[in-house]
Amino acid sequence: MATTVDRHVVIVGASLAGTRSAQGLRTLGHTGPITLIGAEKDLPYDRPPLSKHLLASDWSDEVIEGNLLITRAELDELAIDIRLGTAAVALNTATRTVALADGSSVQYDVLIIATGAAARPSPWNPPSGVLQLRTLDDSRAISARLALKEPVVVVGGGFIGTEIAAAALKAGCPVTVVDPVAEPMARLVGPEIADILVDLHLRNGAETRFGVGVVDIQGEAGALTVVLDDGTRLQASTAVVGIGSIPSTTWLVGSGLTIDNGVLTDSSLRAIGADDVYAIGDVARWPHPGRGLDHRAEHWTNASDQARYVATAITGGDMQPYNSTDYVWSDQYDWKVHSVGWRDSAGSSIVLGDLLEDGRVAVIHADAGGIACGAVTVNWVRALNQARRLLAGRGTATALVEELQQRA
Ligand SMILES: Cc1cc2nc3c(=O)[nH]c(=O)nc-3n(C[C@H](O)[C@H](O)[C@H](O)COP(=O)(O)OP(=O)(O)OC[C@H]3O[C@@H](n4cnc5c(N)ncnc54)[C@H](O)[C@@H]3O)c2cc1C
C-alpha cells in the first residue's frame, strides 16, 4: 500500500497550476512518481506576458526561455515525467485511469486536474484574419500581424482586450476597440472608475465603439469588414476577439465528476464525485468562503496558491479550507491596475484619490454590513499593499480608508 508521499500523482494540464503543484510536491518531500500531462507541445510557460511585453518582443530563444515556468533540466532534476503534446481525452475514476489522445493511458493514485481554460471561441470565422489569444502560438501570430502596422479591431474591452489594444497602438497600428457593454471595465474594477478606463483608450489614441455589438466579420486577413449592430462597417487588416474564456472540461464528460462552469470541488479543492481527485486553477470552482458562493477564478495568483495548497494536502499537511487572496493585476496602457478581495453588489464603495488629478486612485469595497471586502487601486501599489494587510483584519471599510489616508 502506497504511503502519503510515495503515491503516483498524475497532473493533467502542464501550465501554471499543474507545474507549480508538481514542484510543490517535490519541495514538500513527495518521493513517488509525478506525471505531468500537457496538451500543448511547448514546455510550461507563463501566460500574462502573452498579452503584454511578448507581443512587442523579437521572439528570440532567449525571450521564450525567459518566459518558461520550468526548464527541461529542472524537470529532470525533480524527476517529473512530463508528457507534452498529448491531451487527456477521458477519465475513469473507478479504475483510476486517464486516457490520452495518443491511445495510451496512465493510472493514478492521486489526480490533479489543472486543465485551465480556453479562449471563448469567436462566433465570427472568416477564412483568415480573426485571431484569439490564449497560447504562446496565439501571441506569436498576433505579434506578427501587429508588425504590419495595419488597422486592428479588438473585439472585447476587458483586461486582455485592452492589453492587446495597447500593444497594437505601440506597434503603430490604428486600433478600434468594440464592446457591447458601455463601460466594459465596470465588471472588473467596479463602476466608480470604469468611465476613466473607457477614456484611457481615447487618450492613448484608440477609437472605441462601446455599447455596440459585432454582428459579423467578413473578408479575409488584410481586408476584413467588422459589421456592428448599429450598421457601422469597420475596415481592418486584423481582428482580435477577446470575449472571455471557458473552462477546459470536455475530457471529463462521463467521468462522474460534477461539471458546472468548471470542476466543482469541496472547500479543500477535492473534486466532487470521486476520491483522491483535486481540481485547481482556472478550471476549478470551489465554495469561496467570503463570497458565499461557488467561485471560479481566472487569475494567476489563485492558480499558484491553489497549486501550493493541494501539494500540501497530498503530502499529508494539516489543512484548513482553501482561502483565496483574490489578487489580480493588469497593465492598462501605462496604468497599473490591481485588485484584491471582491466587490459585494449589496454593499458600497469608497473612492480615495483622483485618477485624473493625482494620477492614482483606490476604491475600497464594503459588504452590506460595512466590513471591508475588497479594493481596487490604479497606480497606487502602496495603498494596495496596505489594503491587502488591513482586509485580512476584517475591519470596516471606513476604518480602512482612514488608515490609508493617514499613511498616504
Ligand atoms: C493572455 C493572458 C494574459 C493574462 N494576464 C493576466 C494578468 O495580467 N494577471 C492575472 O492575474 N492573470 C492573468 N492571466 C490569467 C492567468 O494566466 C491564468 O489564471 C493562469 O494561466 C491559470 O493557470 P492554469 O494552470 O489554471 O490554466 P492554464 O494556464 O489555462 O493552463 C491549462 C493547461 O492545460 C492544458 N490542457 C487543457 N486541456 C487539456 C487536456 N485535456 N489534457 C492535457 N492538457 C490540457 C492547456 O493546454 C494548458 O496548457 C492571463 C491569461 C492570459 C491568457
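The values are calculated or read from the model by the stated rules, or taken from the named source; none is laboratory data. Just so we're clear, the structure is a prediction, and the values are computed from it rather than from any experiment. Backbone-built Cβ (ideal geometry, glycine too); neighbour counts: all protein chains shown. Just the protein is used for accessible areas: all its heavy atoms, side chains included, with ligands, DNA and RNA removed. Shrake-Rupley method; radii C 1.70, N 1.55, O 1.52, S 1.80 Å.
For the pair Thr225 and Ala56, label points projected 7 Å from Cα toward Cβ lie 3.5 nm apart. With each pseudo-label sitting 7 Å past Cα toward Cβ, what's the Glu402-Arg187 distance in nm, one decimal? Between Glu402 and Arg187, the simple spin-label model gives 3.7 nm. For the chain, hydrophobic long helices are taken as DSSP H runs at least 20 Å long by C-alpha position along their axis with mean Kyte-Doolittle hydropathy of -1.0 or more; these are 300-314. Assign one of three labels to region 127-169, namely rounded, prolate or oblate, based on the Cα gyration tensor with a ≥ b ≥ c the square roots of its eigenvalues; rounded applies when a/c is under 1.5, prolate when it is not and a/b is larger than b/c, and oblate otherwise. Cα axes put region 127-169 in the rounded bin. Projecting the Cα atoms of Thr315, Val277, Gly66 onto the charge dipole of the chain (Cβ charges, centred on the Cα centre) puts Thr315 farthest toward the positive pole. Dividing the summed -39500 (n - 2.57) terms of all DSSP H runs of n ≥ 4 by the residue count of the chain sets its mean residue ellipticity at 222 nm at -7500 deg cm²/dmol. What lysines does Lys336 reach when the alpha-carbon gap must be under 22 Å and sequence neighbours fewer than 8 apart in one chain are set aside? Straight-distance partners of Lys336: Lys52, Lys170. Put simply, the amide H of Val240, placed in the peptide plane, has neighbours under 5 Å in Leu131, Val153, Val154, Val155, leaving out anything fewer than 5 places away on its chain.
One quarter of the convex hull surface, Cα atoms only: what value does that give for region 1-135 in nm²? So the Cα hull casts an average projection of 10.5 nm². Sorted largest first, the principal axis extents computed over the alpha-carbon atoms of the chain equal 65, 56, 39 Å.
At a 10 angstrom cut-off on C-beta neighbours, averaged per residue, how do the peptides 257-270, 152-165 rank from highest to lowest? Intermediate results must be reported in sequence, preceding the final value.
On the way: 257-270: 18.9, 152-165: 25.9.
Top to bottom by mean Cβ count within 10 Å: 152-165, 257-270.
Taking the Cα centre of region 116-207 as origin and assigning +1 to Lys and Arg Cβ atoms and -1 to Asp and Glu Cβ atoms, the resulting dipole is close to 340 debye. What is the magnitude of the charge dipole of the chain about its Cα centre, with +1 placed on the Cβ of each Lys and Arg, -1 on the Cβ of each Asp and Glu, and no other charges, expressed in debye to the nearest 20? For the chain, the charge dipole is close to 280 debye.
His53 exposes around 120 Å² of accessible area when a 1.4 Å probe is run over every protein chain in place.
Please identify the trypsin sites (Lys or Arg not before Pro) of region 298-405 that satisfy two criteria: DSSP loop assignment and at most 12 other Cβ atoms within 10 Å. Which are they? Filter output for region 298-405: Arg394. What is the percent of Cα-Cα separations in region 153-283 that go past 21 Å? It works out to 53 percent of all Cα pairs. Rounded if a/c is under 1.5, else prolate if a/b beats b/c, else oblate: with a ≥ b ≥ c from the C-alpha gyration tensor eigenvalues square-rooted, which is region 291-340? Note, shape of region 291-340 comes out prolate. With viscosity 1.567 mPa s and temperature 4 °C, the Kirkwood radius over alpha carbon pairs of region 32-80 converts through Stokes-Einstein to a diffusion coefficient of 106 µm²/s.
For region 213-342, the Cα gyration tensor yields ellipsoid semi-axes of 38, 20, 13 Å (square root of five times each eigenvalue, largest first, whole Å).
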